[in-house]
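S.K.: The structure is given below, and queries will be raised subsequently.
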């Protein structure tokens, strides 16, 4: 996607195809404007000087729950027994006995 000229209609159509979206002819220009605006905001963020900012691997570091805090702001990760498969399958709307059956949602 060209940064200087914004997003083209061809690029909008390609992104819509990849996202499995069906855009109408009226929706395409609006999506073009929206995607161009998003890329413009990203370009603004790229102009910020972040040389003095330490990279973060986890947001929990901002919560004071870094490696030294031993997860103070997070719940304890404990081992618990899993659910009984037969009980779960019995409560499911549709199953083959081993797996859940769900309606197909992606068609191409």
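What follows draws every value from the coordinates through simple rules; no lab data is involved. Every value quoted in this text rests on a predicted model; they were computed, and no experiment measured them. So basically every Cβ, Gly included, is an ideal-geometry build from the backbone, and we count neighbours across all protein chains shown.
S.K.: Give the peptides 51-58, 13-20 in descending order of average Cβ contacts within 10 Å, highest first.
M.R.: Packing proxy ranking, top to bottom: 13-20, 51-58.
S.K.: What distance in nm lies between label points placed 7 Å from Cα along the C-beta direction at residue 57 and residue 26?
M.R.: 5.1 nm
S.K.: At 0.36 nm per residue, and after removing the present C-alpha to C-alpha distance, how many nm does the segment from residue 19 to residue 44 gain when stretched out fully?
M.R.: 6.5 nm
S.K.: Please give the contour-minus-distance gain from residue 105 to residue 91: 0.36 nm per residue of separation, less the Cα-Cα distance, rounded to one decimal in nm.
M.R.: 2.8 nm
S.K.: OK, next. Treat the count of other C-beta atoms within 10 Å as a stand-in for reagent exposure and order 12, 105 from fewest to most.
M.R.: Arranged by neighbour count, lowest to highest, 12, 105 become 105, 12.
S.K.: Now for a different question. What list do you get for 34, 77, 96 if you sort them by fewest beta carbons within 10 Å?
M.R.: 77, 96, 34
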